[in-house]
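The values are calculated or read from the model by the stated rules, or taken from the named source; none is laboratory data. Computed from a prediction, not measured in an experiment: that's the story for all the values here. Methodologically, a virtual Cβ is constructed for each residue, glycine included, from the backbone with ideal geometry; neighbour enumeration extends over all protein chains shown. Side chains are part of the model used for accessible areas, which takes the heavy atoms of the whole protein and leaves out ligands, DNA and RNA. Shrake-Rupley method; radii C 1.70, N 1.55, O 1.52, S 1.80 Å.
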Amino acid sequence: MLGRQAQASGLGGLLDGYAAGLSGFDELMSPSGDLRPHWRTFFELCSGLDASARRSRMERLNTRVRETGIAYDLFADPSSTAQPWRVDFVPLIIAPEEWRFLEQALLQRAQLFDRILADAYGPQSLMIDGSIPHELVFTDPSYLRPCQNQIPSKGFLQFFAMDCARAPDGSWRVIDTHTETPAGIGYAIANRMVHTNVAGDMFSACKALRLAPYFQQVQTALAQRANRVDPVVALLSPGPHHNDFFSHAYLSRYLGLILVEGADLRVAGNRVTLKTLDGLMPVDLVVRCISGAEADPLELDSASFAGTVGMLQAVRQNPDLVTNALGSALAENRGLSVYLPDLSRRLLGEELLIPDGRRWWLGDPKSKAHVLANLDHMVIRPAHENTARPGRAIPGVEPQRLSAKDRALLIERIELGGPGFVAEEKIGFGTTPSLTADGIAAKPYAVRFFVASTAAGFTVMPGGLAMTVDPDATVALSATDAETRDVWVVSDAVVPKPHASLWRPTIESAGRVSHGAQDLPSRAADNLFWLGRYTERADWTMRVLRTSLTRLQEDTGLRQDLGASRIALETLLAKDENGLPAARAATDAQLIEQLAGSLMSSQRISYALPQTLDAIHRIASLTRDRLSVEAWRTLNDFFAGRRWHADAMPVLMGEKVQLLEDGLRVLSAFHGLTHENMTRNFGWSFLDMGRRLERAANLAEILDVIFGRATDPDDETGAMLFVLDLADSFITYRSRYRLAPMMSLVLDLLLVDESNPRSVAYQLAALNREIATLPQSQEGRARIAEQRLALSLLSALQVADVNELAQCGPDGRRSALTALLAHQLHSLPELSDAIGRRYFNLVEKGARWVRARSRTDL
């Protein structure tokens, strides 16, 4: 039954039945059924929205999640209908007095673990006197012996996170600790961004604290740790295959860090350097998002190449180079829980404010005997587990649910490898409100809080990342449905702090911005180049499909141009070994429908739309720190819904044409955004060069296959109209020549005219200009290989005689045209490879030291 407060305020309709099923602690309702005061503003505003308005906001929120690409798996099945990340419209709201207690508890934990790590890799006095069993440390694979005595002067922990949950009695307990990496903080930022975009009015009305001031302190702290005013700070990620990659990319973009992978780095002269277009650039600080054991395949884990050879030697020269410090994952060992209360009293002189859930480390003989004697009441978990991805913690094993055989195997594992396990009691979770299709419901939850080292010491982020947990998930932050919620910390300050955002740089930081582009990592250049190629490939494929299907729809009598449509479709499908259908339709019209269907929906053909669009999304995800928000959202239109999924392609021809029109508008918008809004740096150059190469190759190929041999005059007229339409040059032809299509004039417009943005010559002229501006192109008098190759391609068109190209020989072939286009089609891939060899694969011969801008030591 709802309390009088909720009824009096008119919230009864919204919260009817909410309290009926509550059995333990609930964030919204007190034990007496009253609405807790800090929730009142939110639900008063929520009750002011009718059901359709609330549903509309929920839909907008889910749309923004898809547009942002939160937790998109680059290597998942692109046809999957599952949404791997959802944000609840109802946040977790924390009262000011509750937050002050949590803040102190989080600061205490961060300080405690930082001191434990300093001792473990330093004097080891805690092991010497028995405060921590030496077996716990030395059997933990995250303890890195080569890092012993490498003590950072600014502390082991730059980033710290803690998973917490409410017990049924309302008390807080710690589930897990994260000291290895930033632990998914990028998800918390992204959740705040999408949630406040939809519920910003409620956020402000609730007087919730903003995140930007916290991250401004983090930015300053990173600069101080690097000991430079304008440092080069690299965020080292395992790469797109890692399930936390979105968080890494989002965090790097928000903080203004350079997102790198191990292959982007090289240690030279005991300095970590970044491979850029202009050589090796020294890195001042590495924010580590990879396992510490993977940081150096030479001295640590030789099976992993997530890091770079020599990293540990560079750390020996500068112990503050990498943060969090190598080896810091040792503090994540769950076996430490047993010893934390005594350690807190010894190291901090304080009682532990929030305890861990009751836990036994099975490396201790007495604890192991107790657990084995009470096995049915325990949950067995690994002592160490990488749980940085929110919601991916292993739930643990409940022995009472095992078969006799599996139970015996578990006991044997505990007996043989006890130090690698802990046992915990299953306590349960508190609940928090959630907006569902049926109204407000209580759901069990856990929350991750974040702490960072700043100039003022450790500082707690005023928010977090809450997740709905499986009530049967025992003791872990495990969420199979990936249902998350933002965390709002209510301020009781009379005057709110002014709004600040890290998307807007300060005047001081703007004054240190460099206008150079030499610091573009070679991998980023590679990705942008291929993003240009794939977007242009999709544009060309859609144009071929649209032009072919439109002509098939039209009632044009003889349909002379269907032959050109068929050839164009077959040319694209023939690029794949099994692209052309084995059983071909009887007529051109039926065959065109058959071929178009394959190009639009086949997932096994490399040049078909599903694979091309999937490639665009993967590459765009890898370069999202280089794209504007508008450009990313524009491309994401292909993936925010299911319209472009292979199994959702329309059947009716008119619907197919409309879908292709919509796709071309999306690509045109993306190209327009990059052309108008993207700074003309090397990143833009490589993106544009990819487009130019792809467009030149596609148009040269279609001119070759359609016009290489003369055909019936009527058919050839239809083919010329088809190609003019395909190249978006029909209106230009009509306005310039005012004649029916003539071969020499069509070739003049589409092949050699450098003023037509769709011609082959225009693409080559643009390539020549862009290559000339790249690093290493202006270092000597002689042209580099790419310049020579691009110039030879353009010169061949500049000296060509279109009348000669249009002439047919006795055999009916246009030999001059065929030879010219064969040269283009052979040399364009060579040009692409030459660019890749020089700029995308930096080798020792081309490596040299660069410093993109002057730096001043602090």
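Can you pull the percent of Cα pairs in the stretch 702-810 with separation above 17 Å?
Details: 3430 of 5886 pairs.
Counting pairs separated by more than 17 Å, the tail of P(r) holds 58 percent.
Of MET202, GLY563, MET542, which is farthest towards the positive pole of the chain's charge dipole, taken about the Cα centre with +1 and -1 on the beta-carbons of Lys, Arg and Asp, Glu respectively?
Of the listed residues, the answer is MET202.
Before anything else, pin down the relative contact order of the stretch 720-783: Cα pairs under 8 Å, at least 6 apart, normalised by residue count, whole percent.
Values: 45 pairs, mean separation 12.6, N = 64.
Relative contact order comes out at 20 percent.
Dipole of the chain (Lys/Arg Cβ +1, Asp/Glu Cβ -1, origin at the Cα centre): which of VAL705, ALA188, LEU28 lies farthest to the positive side?
My answer, from the dipole projection, is ALA188.
So what is the relative contact order for the chain, in percent, with contacts set as C-alpha pairs under 8 Å and at least six apart?
Numbers: 1468 pairs, mean separation 127.0, N = 858.
Reported relative contact order: 15 percent.
At 222 nm, what helix-only mean residue ellipticity would the chain give, in deg cm²/dmol to the nearest 500, using -39500 (n - 2.57) for each DSSP H run of four or more? Don't skip to the end; give the middle numbers.
On the way: 30 runs with 377 residues, N = 858.
Per the formula, -14000 deg cm²/dmol.
In µm²/s, what is D for the stretch 292-450 at 25 °C and 0.890 mPa s, where D = kT/(6 pi eta Rh) by Stokes-Einstein and Rh is the Kirkwood radius from Cα pairs?
On the way: Rh = 19.0 Å.
Stokes-Einstein gives a translational diffusion coefficient of 129 µm²/s.
Of the listed values (i) 36.7; (ii) 42.7; (iii) 60.1, identify the label whose number matches mean projected area of the Cα convex hull in nm² calculated from this model.
After the calculation, the listed value that fits is (ii).
Just the accessible area per residue of the stretch 160-236, please: how many Å² with a 1.4 Å probe?
Ligands and nucleic acids excluded, the result is 24 Å² per residue.
Along the Cα→Cβ direction, 7 angstrom out, place labels at HIS134 and GLU425. What is the inter-label distance in nm?
Label at HIS134, label at GLU425, 3.3 nm between them.
Measure off 7 Å from each Cα along the Cα-to-Cβ vector at SER755 and ALA785, then give the distance between these two points in nanometres to one decimal.
Calculated label separation equals 3.7 nm.
Is the shape of the stretch 393-464 rounded, prolate or oblate, going by the alpha carbon gyration tensor and its root eigenvalues a ≥ b ≥ c, with a/c under 1.5 for rounded and a/b larger than b/c for prolate? Numbers along the way, then the final one.
Numbers: a/c = 4.48, a/b = 1.41, b/c = 3.18.
Since a/c reaches 1.5 but b/c is at least a/b, the shape of the stretch 393-464 is classed as oblate.
Could you state the angle between the C-alpha long axis of helix 245-255 and the longest principal axis of the C-alpha atoms of the chain, as a value from 0 to 90 degrees rounded to the nearest 10?
90
Which value, in debye to the nearest 20, gives the size of the charge dipole of the stretch 306-453 about its Cα centre, when Lys and Arg are +1 and Asp and Glu are -1 at the Cβ? Intermediate results must be reported in sequence, preceding the final value.
Details: 18 positive and 16 negative charges, 39 e Å.
Result for the stretch 306-453 is approximately 180 debye, rounded to the nearest 20.
Between LEU580 and VAL629, how high is the FRET efficiency from 1/(1 + (r/R0)^6) when r is the Cβ-Cβ distance and R₀ = 35 Å? Nearest 0.05. Intermediate values should be presented prior to the final figure.
Values: r = 41 Å, r/R0 = 1.17.
That gives a FRET efficiency of 0.30.
Compute the Cα gyration tensor for the stretch 629-754, then decide on rounded, prolate or oblate, letting a ≥ b ≥ c be the square roots of its eigenvalues: rounded whenever a/c is under 1.5, prolate when a/b is larger than b/c in the other cases, and oblate in all that remain.
On the way: a/c = 2.37, a/b = 1.41, b/c = 1.68.
Note, shape of the stretch 629-754 comes out oblate.
Residue by residue, what Karplus-based ³J(HN,Hα) values in Hz, rounded to whole numbers, does the stretch 718-726 have, using 6.51, -1.76 and 1.60 with θ = phi - 60° and x for Gly and Pro?
Rounded to whole hertz, the list is x, 5, 5, 4, 4, 5, 4, 5, 4.
Would you kindly state how much longer the chain becomes between ASP833 and ARG345 on full extension, computed as 0.36 nm times their sequence separation minus their alpha carbon distance, in nm to one decimal? Working shown, then result.
On the way: separation 488, 0.36 × 488 = 175.68 nm, distance 6.32 nm.
This chain segment gains 169.4 nm when fully extended.
Give me the angle, in degrees from 0 to 90, between the Cα long axis of helix 760-773 and the longest principal axis of the Cα atoms of the chain, rounded to the nearest 10.
Value to nearest ten degrees: 50.
Mind running the shape call on the stretch 26-161? Use the C-alpha gyration tensor, a ≥ b ≥ c as the square roots of the eigenvalues: rounded below 1.5 for a/c, prolate if a/b tops b/c, oblate otherwise.
oblate
Using the Cα centre of the stretch 595-702 as origin and beta-carbon charges of +1 (Lys, Arg) and -1 (Asp, Glu), tell me which of LEU667, ALA620, MET653 is placed farthest towards the positive end of the dipole.
ALA620
Explain nothing, just the number: dipole magnitude of the chain about its Cα centre with +1 on each Lys and Arg Cβ and -1 on each Asp and Glu Cβ, in debye rounded to the nearest 20. Write out the running numbers ahead of the final one.
Numbers: 90 positive and 101 negative charges, 309 e Å.
Rounded to the nearest 20 debye, it is 1480 debye.
Would you mind calculating the gained length between ALA437 and ALA53 on full extension (0.36 nm times residue separation, minus the Cα-Cα distance), in nm to one decimal?
Working: separation 384, 0.36 × 384 = 138.24 nm, distance 1.25 nm.
Roughly 137.0 nm would be gained on extension.
Which distance in Å, rounded to a whole number, links the C-alpha centroids of the stretch 656-706 and the stretch 164-199?
41
Could you run the Karplus curve 6.51 cos²θ - 1.76 cosθ + 1.60 with θ = phi - 60° over the stretch 447-453 and give me ³J(HN,Hα) per residue in whole Hz, x for Gly and Pro?
Whole-Hz 3J(HN,Hα) from phi for the stretch 447-453: 9, 10, 9, 10, 10, 9, 7.
How much length, in nm to one decimal, is gained on full extension between ARG40 and LYS405, taken as 0.36 nm per residue of separation minus their Cα-Cα distance?
Details: separation 365, 0.36 × 365 = 131.40 nm, distance 5.31 nm.
Here the answer is 126.1 nm.
How big is the dipole moment of the stretch 779-844 about its Cα centre under a simple scheme where the beta carbon of each Lys and Arg is +1, that of each Asp and Glu is -1, and everything else is neutral? Debye, nearest 20, please.
On the way: 7 positive and 8 negative charges, 16 e Å.
Computed about the Cα centre, the dipole is about 80 debye.
Excluding ligands, DNA and RNA, what is the solvent-accessible area per residue of the stretch 567-678 at a probe of 1.4 Å, expressed in Å²? List each step's numbers first, then the result.
On the way: 4780 Å² over 112 residues.
Computed with neighbouring chains in place, this is 43 Å² per residue.
Using Cα-Cα distances under 8 Å and only pairs 6 or more residues apart, what relative contact order does the stretch 619-710 have, in percent?
The normalised contact order for the stretch 619-710 reaches 28 percent.
What whole-number distance in Å separates the alpha-carbon centres of the stretch 572-628 and the stretch 779-838?
Taking the Cα centre of each part, the stretch 572-628 and the stretch 779-838 sit 28 Å apart.
Tell me, what HN-Hα J-couplings in whole Hz come from the Karplus equation 6.51 cos²θ - 1.76 cosθ + 1.60 at θ = phi - 60° for each residue of the stretch 171-188, using x for Gly and Pro?
6, 7, 9, 8, 8, 8, 10, 10, 10, 7, 9, x, 6, x, 5, x, 5, 4
For HIS675, what accessible surface area do you get with a 1.4 Å probe? Give it in Å², rounded to 10.
90
What's the carbon and sulfur percent of the chain's accessible surface, probe 1.4 angstrom, rounded to a whole number? Don't skip to the end; give the middle numbers.
Values: 17550 of 34520 Å².
Whole-percent figure for carbon plus sulfur exposure: 51.
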